[in-house]
Amino acid sequence: SRPSLGKRDGWIENLDYDAFASDVTALGKELQKSTGEDDVAHLRKILDWRDRAALLGIATMWLPLNPVAIVALSTWTYASWTMVAHHTCHGGYNRVDAGKYNSRGFALGSVVRRVSDWCDWMLPEAWNVEHNRLHHYHLSEPLDPDLVERNLDFLRKMNVPLVAKYAVAAAVMPVWKWFYYAPNTYKELLIARARAEGRDLPPDLKPEEAYTLGSMLFPRDAGQKAASEFVTAPDFFLRVFAPFLLSRFVLLPSPLLLIPGAGPALFGNAVLNLFLAELLTNVHGFVTIVTNHAGSDLYTFDDEVKPKSGSFYVRQIVSSANYGSGTDAVDFAHGFLNYQVEHHVWPDLSMLQYQRGAPRLREICERHGVPYIRENVFMRLWKTLDIMVGRTSMRTFPTEMEPTKDKAGKGGVTWKSTEGAIDE
């Protein structure tokens, strides 16, 4: 028999998975049913804050090296992704009439829809597959494409002084979205399409290996070469990069060129402010996104479990971390990613329902003895950096102690919906 677990993991031996699942499911259903006009009004409020930031940034970006414009433009990009697109693409507003903010069509199908609804470095269809499907239903498992510990294995093993490793980790923060996230999400989309069509993947392709601009342009081994031939640079730059690059950094400031005499200088000021805002929004996103699932107090898993099972709920909770929360101002600053535990337990709720449900889920976890982590975002950043450089490691969950009936089986987790949600 398995020896007794240590003090930090002792709660696992005493957990009643069925009772815990019953309580979590009941609360989730209650929150779903209570979604209504309050949620639409709350979304409109967040949209108004986002739009005010956009207008301020655009109106002042012509000034030379303008911190106000940089922060405002950064906030516009950040809010558009983390709050508006994120919760819309998950179906958080599908139960209400929120206009175009419905997962079945938002930013999908054409460049026009992408630019008008949500334009960022990532292709929305690709992000839906990588994030909504793979990350959410394989959190901290081998198939999770965003597992920090594995993706930064090269840095963890790098034979350089620790301070140099921290410097590399810091250098990733302002560029991670376009350097890593955009190409990797597109790779996952192409893999999903190939499998759906019954096409074989290239023999040397390693599907779980992170795909970056570096490995795309300068492949170092057979696996990266296969990936660069499967996801070609011309296709990637045309379909994924070009719409955001051109609409944000060329078309948006181009009217300034019509101003006689000063036009080129004003255009240059705007492009510089837009570029610095891009670096800032990447840092903001890194601090509040990448840190959600990394730290020596969070768990990894070696197999798959069925969605909405007791084991699934436990995994989402003990491999996620919340930040300070409770008011719209605080939550806006965190992109509403400070409810990561609730979001992973119930991916298709609105921002308002996460606000309302968080204290109650925390109480359920306390009652059942399941660890519920809520910590300052900068403490989570430090713990994430420690994982990235190899100073600490994630905890390994004893998956053999989970109920057998919760296991996904040989077929794993599959989907019918193209939006990434698992159909009932």
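The values are calculated or read from the model by the stated rules, or taken from the named source; none is laboratory data. These figures come from a predicted structure and were not determined experimentally. Please note: Cβ atoms are built from the backbone with ideal geometry, for glycine as well, and neighbour counts cover all protein chains shown. Note: accessible area is taken over every heavy atom of the protein model, side chains too, but ligands, DNA and RNA are not part of it. Shrake-Rupley method; radii C 1.70, N 1.55, O 1.52, S 1.80 Å.
Sort out which residues of the stretch 16-44 are assigned to a helix (DSSP H, G or I) and either under 23 Å from Val283 (Cα atoms) or open to solvent by 80 Å² or more (accessible area, probe 1.4 Å) (or both), and write them in order of number. Please lay out each step first, then the result.
Looking only at the stretch 16-44, we keep the residues that are assigned to a helix (DSSP H, G or I), and these are 17-33, 37-44.
Listed by number, the residues that qualify are Asp18, Lys29, Glu30, Lys33, Glu37, Asp38, Arg44.
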Report task. Only residues that are farther than 20 Å from Ser215 by Cβ, open to solvent by 60 Å² or more (accessible area, probe 1.4 Å) and without any contact (Cβ under 8 Å) to a residue 12 or more places away in the chain: list them for the stretch 152-166, please. Result -> Asn159, Pro161, Val163
Report task. Can you work out which of the residues in the stretch 45-71 that are over 18 Å from Trp118 (Cβ atoms) and touching a Leu at 6+ places or on another chain (Cβ under 6 Å) is least open to solvent (accessible area, probe 1.4 Å)? Result -> Ile70
Query raised in the report: Looking at the stretch 118-145, which of its residues are under 12 Å from His86 (Cα atoms) and without any contact (Cβ under 8 Å) to a residue 60 or more places away in the chain?
Result: Trp118, Pro124, Trp127
Query raised in the report: So which residues in the stretch 393-409 are assigned to a helix (DSSP H, G or I), closer than 17 Å to Asp9 by Cα and of a type in the set (Val, Ile, Thr), if there are any at all?
Result: Thr399
Query raised in the report: Consider Ser116 against the criteria (1) in a helix (DSSP H, G or I); (2) within 19 Å of Phe286 (Cβ to Cβ); (3) over 11 Å from the mean Cα position of the chain (by Cα); (4) not aliphatic (A, V, I, L, M): it satisfies all of them except one. Which criterion is unmet?
Result: (2)
Query raised in the report: Between residues in the stretch 187-213 that are under 16 Å from Thr232 (Cβ atoms) and aliphatic (A, V, I, L, M) and residues that are at pLDDT 95 or above and open to solvent by 60 Å² or more (accessible area, probe 1.4 Å), which pairs lie under 6 Å by C-beta distance while being six or more apart or on different chains?
Result: Leu213/Phe179
Query - Residue count, the stretch 1-16 (criterion: in contact with a Lys or Arg (Cβ under 9 Å, 6 or more places away or on another chain) and either at pLDDT 95 or above or farther than 24 Å from Thr404 by Cβ (or both)) - result: 1
